[in-house]
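The values are calculated or read from the model by the stated rules, or taken from the named source; none is laboratory data. Just so it is clear, the model here is predicted, and its values are computed rather than measured. Cβ atoms come from the backbone with ideal geometry, glycine included; neighbour counts cover every protein chain shown. For the accessible areas, the whole protein counts, side chains as well, though only heavy atoms, and no ligand, DNA or RNA atoms are used. Shrake-Rupley method; radii C 1.70, N 1.55, O 1.52, S 1.80 Å.
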Amino acid sequence: MAHQATGETGAPAAAPTPRVAVEANGINVIAEAERKGTPRQLFWPWFGANVSVLGLAYGAFVLGFGISFWQAVVAGLVGIVASFTLCGLIAIAGKRGSAPTLVLSRSAFGVTGGRVPAVLSWVLTVGWETVLCSLATLATATVFTELGWGGGTATQLVALVVVAALVVAGGVLGFDLIMRMQAVITVVTGVLTVVYLLLVADEIDWSAVSAVPSGSTAAFIGALVFVMTGYGFGWVNAAADYSRYLPRTAATRGVVGWTTFGSALAPAVLLVVGLLLAGSSPDLAGAIGGDPIGALATLLPTWFLVPFAVVAVLGLIGGALLDIYSSGLALLAAGVRIRRPVAASIDGALMVLGTVWVVFLAEGDFFTQFQGFLITLGVPVAAWCGIVLADLLLRRRDYDEAALYDPRGRYGAVPPVPLALLAAGTVLGWGLVTNTYAGWLQWQGYLLGPLGLGGKDGDWAFANLGVLVALVVGFAGTLLLRRGAVRQQEAG
């Protein structure tokens, strides 16, 4: 079969894609002639996607669990590093197989069964696109209001059009343009973020920060898991999409190290500063729940508001770029037979519609809906992550490229065990998380009472244990139940 942009084939592309053209590759295996670069280049897309000043808002989110500054520092840093390390490990599969993440996970879920996590991944990435585009729109309007230039509906609409155009353009044109855009975003946002941190340093009141009382173990775990779902678990399903262009001779340690370092560096710094700011001002911490980026803008002198708008919007665009690219690949991996640029365009249209709803129609607190979104999808994603990590650990040989696209190949069509583990991890996980402030999620937490954890109003109600349980179920279940199947596949 000839190579198609939908990529539903293991055949290599006929020729390298020019840097200025629309990327022709879809979910196919990348041709040997197109594999390029070194692991160090992974720093740029991952840093650019996570340098957003939204990281400062996580300080208020984490303190909202009712824990002290030092508890929040430990929960935040451990959550950031641990979750992005999982991304680094899954990125190994991209280097080994030179295909997108959701195609490579077919080795565990089967060619047809792999459509289930692909759909899950598509929903997650489109959701993240919508969140980031919404925040960029709200932030722009708030900055314009602070400057006295308006900031109403008209400003929000213009901001939405500009942000969406940049994100969709990157998603449609593809890998090379995204890598170049992320390098620029990394430098600009990195410099301007440092200036922001210097300007708000006077707002930090250490006596107020140190006076924040300590919280319970359950609250600490809840904050830790929230950070993991907000950072690394939001990217694990796309982690191999950017390492797949590397030569297969690239150093495995470099792939893990540069993915983890690039992803975790900015969030770690921003989280600590965000904790200091939120702990210094309860009013600021409360305002962040409604408009995270806009609330942070109120701390700045007027002359820096425009640069702040630039750094805020570019940082959010950096994350959305990776999301729209990966969401398009996930849609193709789910079995939709269209070209990759068309898939990115569809996802961009959904992003715009979602942003219109969030900015102009939705009621309620941003953080409440955001937390509900992260935790609810974080549970099945954690189960998927555990399954894929264990599958990667069990394998000793490279992927059979043709079999990743053929239900009759060695990976099969619908192997029951991985899908059963995904379902079991999700059912158990949703029973151990709660999002009571989001009305559409009040059904969760159904196992907290029967398991003696105090029910939906007990101490463990917001510990988000379900995410960790889903991860363990997926990982341990695959190691215990799939070792023989993997050995049989590789022997075949």
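Tilt of helix 115-147 relative to the longest C-alpha principal axis of the chain, in degrees (0 to 90, nearest 10)? That helix lies at roughly 30 degrees to the long axis.
Which net charge results when you count Lys and Arg as +1 and Asp and Glu as -1 among the other residues whose beta-carbon is under 13 Å from that of residue 345?
Values: positive: 339, 340; negative: 129, 347.
Result for the local shell: 0.
Legend: Rg and Dmax of the chain, from Cα coordinates, 21.8, 69 Å. What separates the Cα centres of region 280-354 and region 146-160 is a distance of 17 Å.
Computed extension gain for residue 169 through residue 472, at 0.36 nm per residue and net of the alpha carbon distance, reaches 105.2 nm. Computed from the C-beta positions of residue 74 and residue 360 and an R0 of 35 Å, the FRET efficiency is 0.35 to the nearest 0.05.
If the Kirkwood radius is taken over C-alpha pairs of region 208-315, then at 25 °C and 0.890 mPa s the Stokes-Einstein diffusion coefficient equals 145 µm²/s. The angle between the Cα long axis of helix 153-173 and the longest principal axis of the Cα atoms of the chain comes to about 20 degrees, rounded to the nearest 10. Restricting the calculation to Cα atoms, region 140-254 yields a radius of gyration followed by a Dmax of 20.4, 55 Å. Enter the angle in degrees (range 0 to 90, nearest 10) between the Cα long axis of helix 175-199 and the first principal axis of the Cα atoms of the chain, meaning the one along which they spread out most. Between helix and principal axis, roughly 20 degrees. Between residue 491 and residue 252, full extension at 0.36 nm per residue minus the direct alpha carbon distance yields a gain of 83.6 nm.
For region 271-312, the mean projected area of the C-alpha convex hull, equal to one quarter of the hull surface, is 3.0 nm².
Using a Förster radius of 56 Å, what is the FRET efficiency between residue 402 and residue 153 based on their Cβ-Cβ separation? Nearest 0.05, please. Show your work: numbers first, answer last.
On the way: r = 53 Å, r/R0 = 0.95.
That gives a FRET efficiency of 0.60.
Once neighbouring chains are kept in place and the probe is 1.4 Å, which whole percent of the accessible area of the chain is contributed by carbon and sulfur?
On the way: 12010 of 17710 Å².
Carbon plus sulfur share of accessible area: 68 percent.
For region 15-129, the calculated P(r), taken from all Cα-Cα distances in 5 Å bins from zero up to the bin holding the longest distance, is 2, 8, 12, 18, 18, 15, 11, 7, 5, 2, 1, 0 percent.
Which trypsin sites (Lys or Arg not before Pro) in region 30-68 pass both tests, a DSSP loop state and at most 13 other beta-carbon atoms within 10 Å? When the trypsin sites (Lys or Arg not before Pro) of region 30-68 are filtered for loop state and at most 13 Cβ neighbours within 10 Å, 36 remain. For region 273-387, what log10 I(q)/I(0) values come out of the Debye formula at q = 0.10, 0.15, 0.19 1/Å, with one point per alpha carbon and no solvent? Rounded to two decimals, the profile gives -0.45, -0.94, -1.26.
Would you mind getting the accessible area per residue of the chain, heavy atoms of the protein chains only, 1.4 Å probe, in Å²? Intermediate values should be presented prior to the final figure.
Values: 17710 Å² over 492 residues.
Averaged over the residues of the chain, the accessible area is 36 Å².
Pairwise Cα distances in region 282-343 exceed 20 Å in 51 percent of cases. Evaluate Rg over Rh across region 31-82, taking Cα atoms for both radii and Kirkwood's formula for Rh. Answer for region 31-82: 1.23.
Rounded to the nearest 20, the size of the Cβ-charge dipole of the chain about its Cα centre is 1940 debye, with Lys and Arg at +1 and Asp and Glu at -1.
Using the alpha carbons of region 252-325, what is the convex hull volume per residue in cubic angstrom, as a whole number? All intermediate terms of the calculation are to be shown ahead of the outcome.
Numbers: hull volume 8.4 nm³, N = 74.
Looking at region 252-325, the number lands at 114 Å³ per residue.
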